[in-house]
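Asks: Just passing along the structure, written as structure tokens.
The values are calculated or read from the model by the stated rules, or taken from the named source; none is laboratory data. Keep in mind it's a predicted model, so treat the numbers as computed, not measured. Because the Cβ atoms are built from the backbone with ideal geometry, glycine has one as well, and the counts that use them run over all protein chains shown. The accessibility values were calculated without ligands, DNA or RNA, using every heavy atom of the protein model including side chains. Shrake-Rupley method; radii C 1.70, N 1.55, O 1.52, S 1.80 Å.
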Amino acid sequence: MKKLKAGLVFAAVTAALCCGKGNDADKQPLPAISIADRSMNEGNGGTTSMEFTVTLSNAYSAPVSVRYSTIDGTAKSGEDYTSVSSQLCTWQPGETQKKIAVSVVADDVKEGDDTFSVRLSSPENGTLIRQTAVGTIRNDDSKVPFTNAGYDAPTSYPGYSLAWSEEFNGSVLDDKVWSYENGDGCPTLCGWGNNELENYTSRPDNLFFQDGKMIIEARQETLGGKNYTSARIKTQGKKGFKFGRIDIRAKLPAGKGIWPALWLMPQDNVYGVWPKSGEIDLMEAIGSEPAKILGTLHYGPGPGSTNISRNYVLPAGTFNNEFHVFSMEWKQDQVKLYVDNNLFSTVSKADLGNNAYPYNETFYLIVNLAVGGNLPGSPDASTYFPQWFILDYIRWYQ
Ligand SMILES: [Ca+2]
Ligand SMILES: [Ca+2]
Ligand SMILES: [Ca+2]
């Protein structure tokens, strides 16, 4: 009782000290307005309401209001959520907490954890102390979005018969044919010789199967001191190739710093260490140029590579919007490269001049999806993750 009385006396004195002619609101500090981040699962149908809590530091005797708008991040309005522009949020006298609801599009398609922002502006009877909140729509899906559309190769060629094929129609990688190459290449070949930024793993997060396809997923995540993960597999010591025709049907990823490759290295270094015994890059792509692929034959005395590199640009569309077939027709003293059976590079023994021609030997296959590195440069804010390199089949005719 005594305490309460003292309090009342103090309040009265404070009021008396103040200017005297103002209303009740003048005696209170303006509340500070803050909005909190929000993170939630996307949901799997219709829409999900993402509610942001907006708080006043203290109740106020007059209405307090603020405007709010959404800003795209990796989440895009219209696609991932419904944008809001300059809406009003009002606290009635005595209220301290309000909710701002943003409608999120809930689907069953795998994506990254996408973000957008809610930004407060134009406060009335308040001051902004935390103006922007990040809303994270957490991926809760496992189905990679793609269809089987695109070029498909014939299943026979005159003069050839199928010697081997990998259809990727199962649910696990055949370890009689394939091995994973994990890590960052260190200590012997850090960054895999190209200053690549990824850590390769054999986790199902980075390589998995869906709808008769093998999918390598490049992810933006920290693991083993690297900021990206992906996968790299090879047939070294398990399956060798020499001459014939190889068809590989694939749908490529895209984006700055994304680097998918289908390539062959010599089983035995008959002519000496790289690049003397050759390297055949049947297909590699710089993700920032999604309509173009490169086909490159490396050779020469070293230590760097001499090479013959040619490219193929699609007449329409990009390599990431549907499947294409990357092929190599290979015989004694000649390698030809194709996209969708369009020849774009022929390299013959004579083209190597006085260098050893190393391609009349057995090679093994490598399939990988690199992130960053000397060829594509680093990813930037425009690069979306995850990225998917999707293989339908590898067929070898002889
Ligand atoms: Ca979902
Ligand atoms: Ca989704
Ligand atoms: Ca398949």
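Asks: Out of everything in region 140-155 that is open to solvent by less than 80 Å² (accessible area, probe 1.4 Å) and of a type in the set (Gly, Ala, Ser), what residue ends up being nearest to ligand 2 (Cβ to nearest atom)?
Replies: ALA149
Asks: Same structure again: Could you say which residue among GLY225, GLY185 is out of contact with any Lys or Arg (no Cβ under 6 Å at 6 or more places or on another chain) and open to solvent by less than 50 Å² (accessible area, probe 1.4 Å)?
Replies: GLY185
Asks: Next up: State all residues of region 86-145 that are within 16 Å of ligand 1 (Cβ to nearest atom), of a type in the set (Ser, Thr, Tyr) and part of a strand (DSSP E or B); if no residue qualifies, say none.
Replies: Answer for region 86-145, where residues must be within 16 Å of ligand 1 (Cβ to nearest atom), of a type in the set (Ser, Thr, Tyr) and part of a strand (DSSP E or B): SER103, THR115, THR136.
Asks: Hey, could you check region 106-139 for residues that are within 14 Å of ligand 2 (Cβ to nearest atom) and open to solvent by 50 Å² or more (accessible area, probe 1.4 Å) and say which is nearest to SER39 (Cα to Cα)?
Replies: Per the stated criteria, the residue is ARG138.
Asks: Scanning region 359-395 for residues that are assigned to a strand (DSSP E or B) and open to solvent by 20 Å² or more (accessible area, probe 1.4 Å), which turns out nearest to ligand 2 (Cβ to nearest atom)?
Replies: Quick first cut of region 359-395, residues assigned to a strand (DSSP E or B) only: 363-371, 387-395.
Restricting the remaining residues to those that are open to solvent by 20 Å² or more (accessible area, probe 1.4 Å) gives 364, 387-388, 395.
Values: TYR364: 37, GLN387: 16, TRP388: 14, ARG395: 33 Å.
This residue is TRP388.
Asks: Would you check which residues across region 156-170 are touching a Leu at 6+ places or on another chain (Cβ under 8 Å) and open to solvent by less than 50 Å² (accessible area, probe 1.4 Å) and list them? Before you say what the answer is, go through the steps one by one.
Replies: Let us first name the residues in region 156-170 that are touching a Leu at 6+ places or on another chain (Cβ under 8 Å), namely 156, 168.
Answer for region 156-170, where residues must be touching a Leu at 6+ places or on another chain (Cβ under 8 Å) and open to solvent by less than 50 Å² (accessible area, probe 1.4 Å): just PHE168.
Asks: When region 64-85 is examined, which residues are found to be in a loop (DSSP other than H, G, I, E, B) and free of Cβ contacts under 8 Å to residues at least 60 places away in the same chain?
Replies: LYS76, GLY78, GLU79, ASP80, THR82, SER83, VAL84, SER85
Asks: Something else about it: Quick check: anything in region 235-242 touching a Phe, Trp or Tyr at 6+ places or on another chain (Cβ under 6 Å) and closer than 18 Å to GLY185 by Cα?
Replies: Yes: region 235-242 contains one or more residues that are touching a Phe, Trp or Tyr at 6+ places or on another chain (Cβ under 6 Å) and closer than 18 Å to GLY185 by Cα.
Asks: Hey, another quick one. Residue check: is SER171 closer than 23 Å to LYS239 by Cβ and either among the aromatic types (Phe, Trp, Tyr) or in contact with a strand residue (DSSP E or B) (Cβ under 6 Å, 6 or more places away or on another chain) (or both)? Steps first, answer last, please.
Replies: Details: closer than 23 Å to LYS239 by Cβ: yes; either among the aromatic types (Phe, Trp, Tyr) or in contact with a strand residue (DSSP E or B) (Cβ under 6 Å, 6 or more places away or on another chain) (or both): yes.
Answer is yes for this residue.
Asks: Separate question: May I ask you to list the residues in region 48-80 that are within 15 Å of ligand 2 (Cβ to nearest atom) and surrounded by 14 or more Cβ atoms within 10 Å (Cβ to Cβ)?
Replies: If the condition is that a residue be within 15 Å of ligand 2 (Cβ to nearest atom) and surrounded by 14 or more Cβ atoms within 10 Å (Cβ to Cβ), then THR48, MET50, THR74, ALA75, ASP80 are the ones that fit.
Asks: Which one of these does PRO145 not meet: (1) farther than 30 Å from GLU167 by Cβ; (2) outside the structural domain of THR90 (by TED's automatic domain parsing)?
Replies: (1)
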